[in-house]
1. Give the residues of segment 284-324 whose amide nitrogen is closer than 19 Å to a point set 7 Å from the Cα of residue 207 in the direction of its Cβ.
2. I need the phi-derived Karplus couplings for segment 217-223: 6.51 cos²θ - 1.76 cosθ + 1.60, θ = phi - 60°, integer Hz, Gly and Pro marked x.
3. Probe radius 1.4 Å, ligands and nucleic acids left out: which of 239, 396 has the largest accessible area, and how do the rest follow?
4. Tally Lys/Arg at +1 and Asp/Glu at -1 over every other residue whose Cβ is under 10 Å from the Cβ of residue 215; what's the total?
5. Can you give the local net charge around residue 72? Use residues other than it whose beta-carbon is closer than 9 angstrom to its beta-carbon, Lys and Arg +1, Asp and Glu -1.
6. Under 5 Å between amide H atoms, partner at least 5 residues away or on a different chain: which partners does residue 70 have, H built in plane at 1.01 Å?
7. Report, by chain and number, residues whose modeled amide H sits under 5 Å from the one on residue 328, excluding near sequence neighbours (fewer than 5 apart, same chain).
8. Once phi is turned into θ = phi - 60°, what whole-Hz ³J(HN,Hα) does the Karplus curve with 6.51, -1.76 and 1.60 give for every residue of segment 303-309, x standing for Gly and Pro?
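The values are calculated or read from the model by the stated rules, or taken from the named source; none is laboratory data. Computed from a predicted model, the values in this text were never measured in an experiment. Glycine also receives a Cβ, built like all others from the backbone with ideal geometry; neighbour counts cover every protein chain displayed. All accessible areas refer to the heavy atoms of the entire protein, side chains included, with ligands and DNA or RNA removed. Shrake-Rupley method; radii C 1.70, N 1.55, O 1.52, S 1.80 Å.
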Amino acid sequence: MSLFEMKLPDVGEGVAESELVQWLVAVGDRVTPDTVVAEVLTDKATVEVSSPVTGEVAALHGEPGDVLAVGGTLIGIETDSDAVASRPEDSIDAPSETDEATSVPKDASDSTISDAAALPPPNGRASSADRPSAAPAVRSRASDLNLNLGSIEGTGSGGRILHADLDRVLVDRGSGPLGRQTSSRPAADFDGRRIVAVRGVRRRIAERLSDAWREIPHITYVDDIDVTELEQLRVTLNMRSGERTERLTLLPFIARAVVLAVAELPELNAHYDHPAETLTTFGAVHIGIATQTDDGLRVAVVRHAEQRSVADLAAEIGRVTGLARDGSATRADLSGSTITITSLGAIGGIATTPILNPPEVAIVGVNKMETRPVWRDGTFQPRQKLNLSSSFDHRMVDGWVAATFVQHIKRSLETPALLFVDDI
């Protein structure tokens with residue numbers, strides 16, 4: 001027997017460290033090159049790490065929540081002296097994200113769930129081949145609810161178990177429409193306080209936003225957009241298309257307007273590297289779409305938006321944001337944006353102050369649409385209006401350039417025919 005020390009592999013993106021999300025094996029477990037031993041978190045995704053050898057787990061280095069250096073020892077495996085790694089360069093499996101958000105609170109539980117859905121014994125870890133497919137957030141919630149994922153049929157891609165599948169079990173077991181009777185979570189103390197360690201995606205979000213706010217001098221420019229004609233066009237196009245294509249929201253039109261605006265001001269479709277003191281502009285427009293998931297905000301990327309029609313933009317936005325929500329997005333789906341759009345939809349408020357997604361230099365924030373009285377032709381008229389709140393890296397973007405950029409977007413949205421003409 002010999003001890004093989006498995007190192008934390010480079011999971012891509014040039015990261016130097018990753019957070020240990022959870023162990024999927026214990027000391028004494030038998031592993032093969034197909035066994036997923038741990039889940040680690042990068043800035044973009046949760047990644048499953050597989051053993052490269054066959055043997056018995058001898059030691060685990062680190063606890064969930066620890067930040068580990070790439071190349072550091074992750075796990076010790078006792079192997080036969082003649083064992084060889086059949087997958088030395090392929091110990092990383094597909095990344096996973098949080099699953100689709102639902103209206104059921106995560107602290108919902110059911111004390112009447114049958115034994116069929118009870119958790120396995122504490123030391124009963126399923127093998128990688130038998131382990132149900134589910135995102136870390138779903139596993140954590142299932143544990144809180146005392147549910148056995150192995151007894152639940154997943155309705156996601158490839159049988160992946162989603163939050164909605166947990167909700168279905170709760171309702172089926174008689175826990176009511178909200179799936180909550182009693183809680184299996186630790187009780188709060190007498191004054192209602194409950195301290196929760198910030199780990200995983202939420203910790204990465206906190207770190208990245210803190211760095212962005214501390215290091216980047218933001219300027220936020222707000223202007224209102226009259227989208228009355230655009231909204232009429234959108235409704236008409238949806239009525240004509242019926243069920244044949246992705247139903248249009250305002251978002252693909254805004255994305256198209258951003259593409260036209262950066263064609264006039266390419267320095268807005270750029271990355272700024274402060275240590276290297278370089279600004280890289282891009283001919284391709286890869287638009288990041290800020291997407292809310294159970295674990296927090298993710299940026300799904302629509303690649304080559306400059307080559308897409310409005311209908312194609314709508315379909316691609318729906319596809320990549322859907323992947324981010326249901327946990328099947330890859331690192332490529334969540335990396336490489338050159339400019340970002342963030343929208344809170346109907347709850348968007350009057351104005352926001354979006355924080356930039358470094359190293360980008362611009363982000364367009366979309367606020368809610370509402371009917372406002374507007375003085376036109378000697379009378380007040382009801383018009384559909386929304387505000388755009390756009391933030392810029394003031395080191396690279398002057399106020400005049402920021403205002404000009406937003407005015408380009410405004411012109412395109414207020415005269416929607418311009419969105420469909422390339423040479424004006």
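1. 295-299
2. Each residue's phi maps through the Karplus curve to give x, 7, 10, 10, 10, 10, 9 Hz.
3. Most to least solvent-accessible, the answer reads 239, 396.
4. Value of the local net charge: 0.
5. The answer is 0.
6. Excluding prolines and chain starts, which carry no amide H, the hits are 17, 18.
7. Close amide H contacts, sequence-distant or interchain: 97.
8. Values per residue, Gly and Pro as x: 7, 6, 4, 5, 9, 10, 6 Hz.
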